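J.: Would you mind keeping the following structure in view while I ask a few things?
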Amino acid sequence: MNAGIATALDYQSKVLFTHHVVQLALANSTIPIVSTKFSEQSAVFLHIALQLKPDIPIIWVDTGYNTRATVKFAHEVTLALQLNLHVYKPRSEILTVPPSIDDPAHSAFTHEVKIEPFARAMQELQADTWLSSVKRYQSAHRDSLPVFKQTDNSLLKVSPMLNWSESDVEHYRQFFALPKGPSCYDPTKGEPMRECGLHL
């Protein structure tokens, strides 16, 4: 078997596995949700999830620090894919300069603009399953994650695309002619390949 065929089969197996994981998660949940931040490749997992449950709630935590390009992309994808979008924002609308990651105030800032709005979304929607598009190559923490994980508050976190490579994602996006988003600014990360706190 040549390398090209092997790569194609590997990609196809990842797509099939992802569909199987999503189907399994949906079959064993009452109120599943998908989270997104409308980054470059966000349309890929949204497309996969919507094929299996078109009305699944999509949660977007809009920190207030998104660029105009990201806001425009979110609007375009919402219309194109007919998303059942739920937008959650920080309780305070006052924007400040994000603290650096070594600043003691950074943890509180992260909680205010990212973690609290997401927790509020989970509570208000009464979600019991969280489908996420995180991938192993994105950070050291994500490289160690399991596909299924029960959190301390009994929420089942499911990561169907964990084993996808960056080229797998781009191949899927191009094959289905899905839009590519702009670079996404996350004020809670501080540096590349660092977790924002939501997935910890």
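Taken together, the values in this text are just the output of simple stated rules run on the coordinates, not laboratory data. It should be emphasised that the depicted structure is a prediction, and the values quoted were computed from it without experimental measurement. We place every Cβ from the backbone using ideal geometry, glycine too, and count neighbours over all the protein chains shown.
J.: Please identify the GluC sites (Glu not before Pro) of the range 60-159 that satisfy two criteria: DSSP loop assignment and at most 14 other Cβ atoms within 10 Å. Which are they?
T.: Glu93
J.: For the chain, which span is the longest to avoid every loop-located (per DSSP) member of trypsin sites (Lys or Arg not before Pro) having at most 14 other Cβ atoms inside 10 Å? Write down the numbers at each step before the final one.
T.: Working: sites that count: Arg91, Lys180, Arg194.
Answer from the scan: 1-90.
J.: Here's another thing I want to ask about it. Distance check, please: which entries in Lys14/Lys135; Lys14/Lys180; Lys72/Lys189; Lys37/Lys180; Lys37/Lys135 exceed 18 angstrom between their Cα atoms?
T.: On the way: Lys14/Lys135 12 Å; Lys14/Lys180 21 Å; Lys72/Lys189 22 Å; Lys37/Lys180 13 Å; Lys37/Lys135 14 Å.
Check vs 18 Å cut-off fails for Lys14/Lys180; Lys72/Lys189.
J.: Among (i) 21.3, 63; (ii) 16.9, 59; (iii) 16.9, 51, only one was calculated for this model; which label is it, if the read-out is Rg and Dmax of the Cα atoms in Å?
T.: Read-out from the structure maps to (ii).
J.: How high is the FRET efficiency between Ile94 and Ala8 when r is their beta carbon distance and R₀ equals 45 Å, given to the nearest 0.05? Please report the intermediate quantities before stating the final value.
T.: On the way: r = 51 Å, r/R0 = 1.13.
The value I calculate is 0.30.
J.: While we're here: If you place +1 on the Cβ of every Lys and Arg, -1 on the Cβ of every Asp and Glu, and leave all else neutral, what size is the dipole of the range 97-157 about its Cα centre, to the nearest 20 Debye?
T.: Working: 7 positive and 8 negative charges, 76 e Å.
For the range 97-157, the charge dipole is close to 360 debye.
J.: Can you tell me the orientation of helix 116-125 relative to the chain, as the angle in degrees between its alpha-carbon axis and the longest Cα principal axis, to the nearest 10?
T.: 60
J.: Also, quick follow-up: For the chain, give the magnitude of the charge dipole about the Cα centre (Cβ charges: +1 Lys/Arg, -1 Asp/Glu; no others), in debye to the nearest 20. Don't skip to the end; give the middle numbers.
T.: Values: 18 positive and 20 negative charges, 59 e Å.
Computed about the Cα centre, the dipole is about 280 debye.
J.: Taking the Cα centroid of the range 1-63 and of the range 152-184, what is the distance between the two, rounded to the nearest whole Å?
T.: For the range 1-63 versus the range 152-184, the Cα centre distance is 6 Å.
J.: Helix 3-27: angle to the longest alpha-carbon principal axis of the chain, degrees 0 to 90, nearest 10?
T.: In the chain, helix 3-27 runs at an angle near 60 degrees to the longest axis.
J.: Check Leu85: other-chain or 5+ apart residues with amide H under 5 Å from its amide H, H built from backbone geometry?
T.: The list, which skips near neighbours in sequence, is Ile58.
J.: I've got another one for you. Enumerate the aspartates and glutamates that Lys157 could reach by cross-link, defined here as Cα to Cα under 12 Å, with residues fewer than 8 away along the same chain left out.
T.: Asp128
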